[in-house]
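Here's the structure, in structure tokens; my notes come after.
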Amino acid sequence: MNQHQDFASRRAWMVENQILGRGITAAPVVTAMRRVPREKFVSPSLIDEAYDDGPLPIGFGQTISQPYIVALMADAMDLTGGEVVLDIGTGSGYAAAVIASIAARVFSIERVPELAESAAQTLAAEGYDHVVVRCGDGTLGWPEQAPFDGICVAAGAPVVPEALKQQLRVGCHLVIPVGSAHTVQRLRRITRLSETEFRDQSLGDVRFVPLLGEQGWS
């Protein structure tokens, strides 16, 4: 078995056990998880751990999220295809690639310049030319591209940033971890019901790096 086939079989095993096995069955999400080569988005020294059931370090104090968490957040946005999505915390670009396998366009913001540049290169090399990455403060969103049909945040915030709530289209979902900067957070799904009304649901405990920025941690 060559390396490409080996990763494909590991990816299939990951989807079966870590994704379907935990109850995520939405066809667009499962198909995206089957399609995106996570090994392309991890550090070369950790490539053999690409389909392990956990996060991995990518440098600069950041991580690539556990595959299940990426699937859970994509699932919570209720993506079916054709959406424009805002992705906060690009990291290595893996979650953006998964989302882009469903959505029509993804706008992704990364705070660390080196990670933003590297992710943009990896995404382009893998054919995700409908993902736009920029370096900036993710807590402020991307107002010139709003409103969004989904927003996901891959870092823990002290509170839900108001800027992100206001950039969410009515009827759509913002998925974000909220809580302490250094311990467990609650993954929350904020649904915009109207211009002024929002519904807040808890999706369980998670652990993310802190969301730094004007409307996050300082």
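Tabulated results
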quantity: Mean Cα-pair separation over length for the range 100-218, i.e. relative contact order, pairs under 8 Å, 6 or more apart, %; calculated: 22 percent
quantity: Net charge of Cβ neighbours under 12 Å - reference Arg199; Lys, Arg +1; Asp, Glu -1; calculated: +2
quantity: Computed [θ] at 222 nm, deg cm²/dmol, the chain (DSSP H ≥ 4; -39,500 (n - 2.57); rounded to nearest 500); calculated: -7500 deg cm²/dmol
quantity: Sequence-distant residues sharing a close amide H with Arg188 (under 5 Å, placed H); calculated: Ile176, Val178, Leu203
quantity: Over the chain, relative contact order from alpha-carbon pairs under 8 Å, at least 6 apart, %; calculated: 15 percent
quantity: Answer label, with P(r) over Cα pairs in 10 Å bins from 0, in percent calculated from the coordinates and candidates [x] 9, 37, 40, 13, 2, 0; [y] 8, 26, 28, 21, 12, 5, 1, 0; [z] 8, 30, 28, 20, 11, 2, 0; calculated: [x]
quantity: Accessible area of the range 177-218 belonging to carbon and sulfur atoms, whole % at 1.4 Å probe; calculated: 49 percent
quantity: Fraction of accessible area attributable to carbon and sulfur, the range 93-159 (%, probe 1.4 Å); calculated: 51 percent
quantity: Per-residue HN-Hα couplings for the range 111-125 [Karplus 6.51, -1.76, 1.60; θ = phi - 60°; Hz; x = Gly/Pro]; calculated: 6, 8, x, 5, 5, 4, 5, 5, 4, 4, 5, 5, 4, 5, 5
quantity: Solvent exposure of the chain as accessible area per residue, Å², 1.4 Å probe; calculated: 44 Å²
quantity: Karplus (6.51, -1.76, 1.60) ³J(HN,Hα), θ = phi - 60°, over the range 77-85, in Hz, Gly and Pro reported as x; calculated: 7, 6, 6, 10, x, x, 7, 10, 10
quantity: Within the chain, longest stretch clear of exposed GluC sites (Glu not before Pro) (DSSP loop, no more than 11 other Cβ within 10 Å); calculated: 1-194
quantity: Residues with amide H under 5 Å from that of Asp52, placed H, sequence gap 5 or more; calculated: none
quantity: Nitroxide proxy distance, nm - points 7 Å out along Cα→Cβ at Thr196 and Asp48; calculated: 6.0 nm
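The values are calculated or read from the model by the stated rules, or taken from the named source; none is laboratory data. A quick note: this is a predicted structure, and the numbers were derived from the prediction, not measured. Positions of Cβ are backbone-derived with ideal geometry, glycine not excepted, and every protein chain shown enters the neighbour counts. Note: areas computed on protein heavy atoms with side chains; ligands, DNA, RNA excluded. Shrake-Rupley method; radii C 1.70, N 1.55, O 1.52, S 1.80 Å.
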